[in-house]
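Working notes for the structure below.
Only the coordinates and a few stated rules stand behind these numbers; no lab work does. Being a predicted model, the structure only gives us computed values, none of them experimental. Positions of Cβ are generated from backbone atoms using ideal geometry, with glycine treated the same way; all protein chains shown enter the neighbour counts.
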Amino acid sequence: MMGFNERIVQDASRHQFLVPRRAFTDQGVFEREYRAIFDRCWLYLGHASELPQPGNFLTRRVARRPLLFTRDRSGEFHAMYNACPHRGAMVCRERRGKSPAFMCMYHGWTFGSDGHLMSLPGGSGYPEDFKNDPQKQMVHVPRLARRGDFFFVSFAEAGEDLDTYLADSGDYLDLVSQHSESGMAVVGGTQEYAVRGNWKLLAENSFDGYHAACTHSTYLEYLKSANGALGATPLAGTGYDLKNGHAVIEYSAPWGRPIASWVPLWGEEGKAEIDAIYAQLEARLGAERAKRLAAMNRNMVIFPNLVVNDIMAITIRTFYPTAPDYMEVNAWSLGPREESEWLKKYRSFNFTEFLGPGGFATPDDVEAIERCQQGYAASAGGGFNDISKGMVRADAPSFDDEMQMRAFWTEWDRRLAEAED
Ligand code: FES
Ligand SMILES: [Fe+2]
């Protein structure tokens, strides 16, 4: 077994936590990550609302594999490799839709939405029971599981179940679902973009409370001028380690939340609507949970690469590396089904204004990530990143400490060190 040289360096007595920059640039680390992390962990596939009816399907790439996610006639969900058992062509070439069957474009083998081989041209050229041969059916991913409406896959045949894996992050996923009485739904389609940076830079960035005041100063200034005194609500809160590499920051902030925190920009009419939503939340969830849900923002990373940010809008985001210095990002907006047109408008406005690829935040974050990646060339394979902020603190970590990143990196290090070569 070969050693693993890109270990993190922890020294509690000196309040120091260091990450080797090679972890972001090394080809060997990249390949090891696929074996140790992406081929073993539970990975986000999609949201139930994306397949609202029997017969709905979508195709998606998860950890380099093309997948077909379907709902069959009885409403059951399936996740299969999108590759023909005949000679391997992608069976479904559409992004999404509704169909009771999928015909491979190469030789016409046709499969049901549960993956079974329904028919094939020239059947007389094959033995009589050929169609029922288990080898000739579409292959299901080893494991598919859901937490509420969030679906996950694992490419490992065995391992801990999803709820055990999610540990304390499960309750935060449930909290997102509780925004709505009738269920949450993905609004619009998928945003796709790529970043010339290592994937772990985006994991770090997604729950980095430290960078907001600096990187996003333009947005914060804009909020202040749009919302007056209320726009000056400080960024303040706490970081929580959710175990197994997952972590979250929970904090107050100067922006409006569709569920349910009003800002002057939304006018008096908007205030009445937000007040009504808040009253419903209280009746449904109790005062404490309603207050937390409505007033606090949450940026969470579920290890290794599911981001759920419940901030001025809700975004779900995944990102996979195709090389040490390149990642492909998918992002979705989530909102309550029953939301009024007025609030939907503000939710979408908030989403594109801050989170969209052309908003106030994402381009700034992408710039920061790409500058980090470029900066690593200066260390020529050496050098360390410092993520020790807050280690001196005896009390709870502040939202702008770096405890979240330490939780992520500790799990990353554990998994890579344990993986067989
Ligand atoms: S590869 Fe699909 S039918 Fe031949
Ligand atoms: Fe950011």
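Charge dipole of segment 35-160 (Cα centre as origin; +1 on each Lys and Arg Cβ, -1 on each Asp and Glu Cβ, all else neutral): 540 debye, rounded to the nearest 20.
Oblate is the label for the chain, because the ratio a/c of its alpha-carbon gyration tensor axes (a ≥ b ≥ c) is 1.5 or higher and a/b is not greater than b/c. What shape does segment 177-232 take by its C-alpha gyration tensor, where a ≥ b ≥ c are the square roots of the eigenvalues and a/c under 1.5 counts as rounded, a/b above b/c as prolate, and the rest as oblate? It is oblate, given that a/c is not under 1.5 and a/b is not larger than b/c. With neighbours defined as other Cβ atoms within 10 Å of a residue's Cβ, the residues Cys41, Cys84 order from fewest to most as Cys84, Cys41. Applying 0.36 nm per residue to the separation of Arg64 and Val9 and subtracting their alpha-carbon distance, the gain on full extension is 16.8 nm. Dipole of segment 171-418 (Lys/Arg Cβ +1, Asp/Glu Cβ -1, origin at the Cα centre): which of Tyr219, Gly256, Gln280 lies farthest to the positive side? So the residue we want is Gln280. Per-residue Karplus couplings for segment 108-117, computed as 6.51 cos²θ - 1.76 cosθ + 1.60 with θ equal to phi - 60°, are listed in order as x, 4, 10, 10, x, 6, 9, x, 7, 6 Hz, Gly and Pro entered as x. Straight-distance candidates among the aspartates and glutamates for linking to Lys136, with alpha-carbon spacing under 17 Å and chain neighbours fewer than 8 residues away dropped: Asp114, Glu128. Using the Karplus relation 6.51 cos²θ - 1.76 cosθ + 1.60 with θ = phi - 60°, the per-residue 3J(HN,Hα) values for segment 25-37 come to 10, 7, 5, x, 5, 4, 5, 5, 4, 5, 5, 8, 10 Hz, with x marking Gly and Pro.
In terms of surrounding Cβ atoms within a 10 Å radius of their Cβ, Met80, Met296, Met90 rank from fewest to most as Met90, Met296, Met80. A Förster radius of 22 Å, combined with the Cβ-Cβ distance separating Lys344 from Ala295, puts the computed FRET efficiency at roughly 0.55. Anisotropy class assigned to segment 43-155 is prolate, per the alpha carbon gyration tensor with a/c at or over the 1.5 cut-off and a/b larger than b/c.
Restricting segment 330-394 to trypsin sites (Lys or Arg not before Pro) that sit in a DSSP loop and have at most 14 other Cβ atoms within 10 Å of their own Cβ leaves Arg337, Arg393.
Backbone phi angles across segment 197-212, fed through the Karplus curve with coefficients 6.51, -1.76 and 1.60 (θ = phi - 60°), yield HN-Hα couplings of x, 5, 4, 6, 5, 6, 4, 4, 4, 5, 10, 9, x, 6, 7, 4 Hz in residue order; Gly and Pro are listed as x. The C-alpha atoms of the chain define a longest principal axis, and helix 267-285 lies at about 70 degrees to it. Listed from fewest to most Cβ neighbours within 10 Å, the set Asp133, Asp395 follows the order Asp395, Asp133. Evaluated with a Cβ-only charge set (Lys, Arg +1; Asp, Glu -1), segment 171-418 carries a dipole of roughly 120 debye about its Cα centre, given to the nearest 20. Highest mean packing comes first when the peptides 117-124, 396-403 are listed by Cβ atoms within 10 Å, giving 396-403, 117-124.
Annotation: amide H of Asn82 within the under-5 Å range of Leu67, Leu68, sequence separation 5 or more or interchain, hydrogens built in the peptide plane. Database remark: amide H of Val187 closer than 5 angstrom to the amide H of Ser333, Leu334, Gly335 (H placed geometrically; neighbours at sequence offset of 5 or more, or on other chains; Pro and chain starts carry no H). If the cut-off is a Cα-Cα distance under 21 Å, which lysines reach Lys243, setting aside same-chain residues fewer than 8 apart in sequence? Here the lysines satisfying the reach criterion relative to Lys243 are Lys200, Lys389.
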